[in-house]
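*Asks:* After the structure tokens below, expect a handful of questions from me.
The values are calculated or read from the model by the stated rules, or taken from the named source; none is laboratory data. Here the structure is a predicted model, which means the values were calculated and not measured. Cβ: placed from backbone, ideal geometry, glycine included. Neighbour counts: every protein chain shown. What goes into the accessible areas is simple: the full protein's heavy atoms, side chains included, and nothing from ligands, DNA or RNA. Shrake-Rupley method; radii C 1.70, N 1.55, O 1.52, S 1.80 Å.
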Amino acid sequence: MWFPLFRNTDAMPPIDPDEEFDLIVVGSGNGACGFLGECLTHVPEDYRVLVLEEGDNFFFTSDVTHQNGWSKSYANGSAFTLHNAVTPSGKSVLSGRARTLGGGGSINYTMIHESSDWLVKQAGYDVDYWNECKKELNASLDRPDPLAAGYQTPFADFIAENAQQVGYAPPNKDDMIQNIPSLSESKSQSKRLYFFPTQFDRFGSRTNSGVSLVKWQKIKYRWDTKVVGLEMGKKSDSTGIACNGVQTINKQGVDVTYKVKKDTGRVLLCGGSQSPRILLNTKELAGNEKIGQRVNDHVCMPLAVYFVDKDKASVVGATDNYESLFADMVIDGKRDKGEAKTVVNIDFFSGDVLRLIYLISSLYLCYLPFNGFKRLMGRYPIIFKYLSNTIRMLLTAIISIIVVLGRFVPFLPRSIKVTTALIKFNASKEGYYERVGDKIILRFFEDDRDYDIAEEAINKNLAFLESNGVKPPFFIRYLFQFLTKIPYKRGRQVKRYVRNFAQKTLLSEQHLAGGCVLGDVVDKGLEDSAKTGQVFGTSNLHVADLSIVPLPRVSTQMTAYLMGHHVAKQLYSTKKNN
């Protein structure tokens, strides 16, 4: 009987104003799904859980989360929204977040873990512990082997072959646990390919994402419910402060405060990028200056668009829109400056341009020339939604006319299939949340190291990317470069693009992390597992999402799941102190 409640907002059962919960979870994204998937296997049947989600129900956004509609997700205002993100000098950064049940795992689908060595440095424990956590989580997701013959599309195999021709090591089974890869720490190979499984079944339905980890029939759930504050008070034994409730406002403008059980109840923040902001807005925690610090996102730089060669066009289809492989290369830092190595990721996108137009019309808004207007989009995300859809309709009309004319004019194409890529890497300097207001400061290209990384990565991979397709005709290439400065040649074009990008067209990968970092804002739980993820100075307020670690070096989805799983494992299944 619980399933209809997820299809009809009006059918949600009322919650008694006097009802108290054992656990209130703020947010229903990757961290929450990883947490609930583990937590609910250990608690009794009468354990009362309430999940609060600012965005929409998965039922109402799942049409664009289907693999066939994936590229539409960034243009969907109910599933994706922008941050108010800028650099210290006020340049706008196009950066956003998922806003729906399942979070980023209901929009994107890259599946790779950070290395267990990295996790040890950030969160403690040892490599065996993190490998065991990955094994448990990955088994719950139950994904097929992406290295199996026929799993990758023919065009993905073609890209992988080209990558190996220029020195990328092939995917390695030793990097995988339960069919999901982890970033390799191999010192002998600086360039490596990874194949990852997707969250889709063979018909493109998103059946094995974070949403599938949770037994939703065991909880109460409120969507379209924005958390506006935490109700704090003295713990009954006067040893600290406790979170007694969560203050919310729903879509109809009604204020409701949900309560947890006195002395035994917990409040868990799993709002991702919103968790630091909630803590910053809690006056009882104002003394911790580390809240909202060590924030970062991946610098995301789109690269050249190529036409798919006629010999390959017939095998490029909808499942190539986001290829389930990526390439990583390690760029050494300058020893005399004490620079660390940087991991650069390359993602690949291919398909009919009319399918990819949703992605292009959204993310390419970073190339708008007016910085003030882009800052306005950050403050009022609805502008982003309507502008991206307007540009999409315009481009769709132009491309459709070209395709129709192609039936009669010999030199015009009858269909346009393209392949492209982007690079992403961690900005060298971490950012922060402004303590008042809603701005997030990202320090992209504040360090010359970012320029060096971008130029080296693009210069070393341009020939490889061109081998995946053919350059567009000169007049299309000229117009494309005029608008974006994206290079087709190494050297001067690359330098011009990087400089222009850094000064005018900043774009992030929508992977914001940090702000509630373990050891700074929340307890690692190394001395007492019951305090894992607990906000310092509180007795029952915890965080279990991507904000508790610095930015991973690869796509963040699996790390976010893992943080939730880890905190729940320590709070509910560990029988003794660690």
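*Asks:* If I ask for residues that are in a loop (DSSP other than H, G, I, E, B) and in contact with a Cys (Cβ under 6 Å, 6 or more places away or on another chain), which ones from the stretch 541-554 would you list?
*Replies:* Within the stretch 541-554, Ala544, Asp545 meet the criteria.
*Asks:* Given Asn131, Asn138, which one is of a type in the set (S, T, N, Q) and over 19 Å from Gly31 (Cβ atoms)?
*Replies:* The unique qualifying residue is Asn131.
*Asks:* Being out of contact with any Leu (no Cβ under 7 Å at 6 or more places or on another chain) and either open to solvent by 10 Å² or more (accessible area, probe 1.4 Å) or more than 15 Å from Tyr125 (Cβ to Cβ) (or both) is the filter here; which residues of the stretch 546-567 pass it?
*Replies:* Leu546, Ser547, Pro550, Leu551, Pro552, Ser555, Gln557, Met558, Gly564
*Asks:* So how many residues does the stretch 290-299 have that are part of a strand (DSSP E or B) and open to solvent by less than 10 Å² (accessible area, probe 1.4 Å)?
*Replies:* 4
*Asks:* Here is a follow-up. For Gly287, state whether it is in contact (Cβ under 8 Å) with a residue 60 or more places away in the chain, part of a loop (DSSP other than H, G, I, E, B) and either among the aromatic types (Phe, Trp, Tyr) or touching a strand residue (DSSP E or B) at 6+ places or on another chain (Cβ under 7 Å) (or both).
*Replies:* no
*Asks:* Please specify each residue of the stretch 208-250 satisfying the condition of being among the basic types (Lys, Arg) and farther than 24 Å from Phe60 by Cα.
*Replies:* Once the filter is applied, which keeps residues that are among the basic types (Lys, Arg) and farther than 24 Å from Phe60 by Cα, the stretch 208-250 yields Lys234, Lys235.
*Asks:* If you check Gln165 against the conditions, is it more than 15 Å from Gly105 (Cβ to Cβ) and touching a residue at least 24 places away in the same chain (Cβ under 8 Å)?
*Replies:* yes
*Asks:* Additional query: Counting only residues that are open to solvent by less than 20 Å² (accessible area, probe 1.4 Å) and of a type in the set (A, V, I, L, M), how many does the stretch 300-316 have?
*Replies:* 5
*Asks:* Next question. Out of curiosity, is Phe196 more than 17 Å from Val535 (Cα to Cα) and without any contact (Cβ under 8 Å) to a residue 60 or more places away in the chain?
*Replies:* Taking the combined requirement at face value, the residue does not satisfy it.
*Asks:* If you don't mind, another one. Hey, does the stretch 517-527 have a residue that's out of contact with any Pro (no Cβ under 8 Å at 6 or more places or on another chain), farther than 30 Å from Gly272 by Cβ and outside any helix (DSSP H, G or I)?
*Replies:* Within the stretch 517-527, none of the residues are out of contact with any Pro (no Cβ under 8 Å at 6 or more places or on another chain), farther than 30 Å from Gly272 by Cβ and outside any helix (DSSP H, G or I).
*Asks:* Of (1) under 27 Å from Ser95 (Cα atoms); (2) open to solvent by less than 20 Å² (accessible area, probe 1.4 Å); (3) modelled with pLDDT under 95, Thr319 satisfies all except one. Which?
*Replies:* Only one criterion in (1) under 27 Å from Ser95 (Cα atoms); (2) open to solvent by less than 20 Å² (accessible area, probe 1.4 Å); (3) modelled with pLDDT under 95 is unmet by Thr319, namely (2).
*Asks:* Now for a different question. Where residues in the stretch 479-517 are at pLDDT 90 or above and either at positive phi or among the aromatic types (Phe, Trp, Tyr) (or both), which of them is surrounded by the fewest Cβ atoms within 10 Å (Cβ to Cβ)?
*Replies:* Gly491
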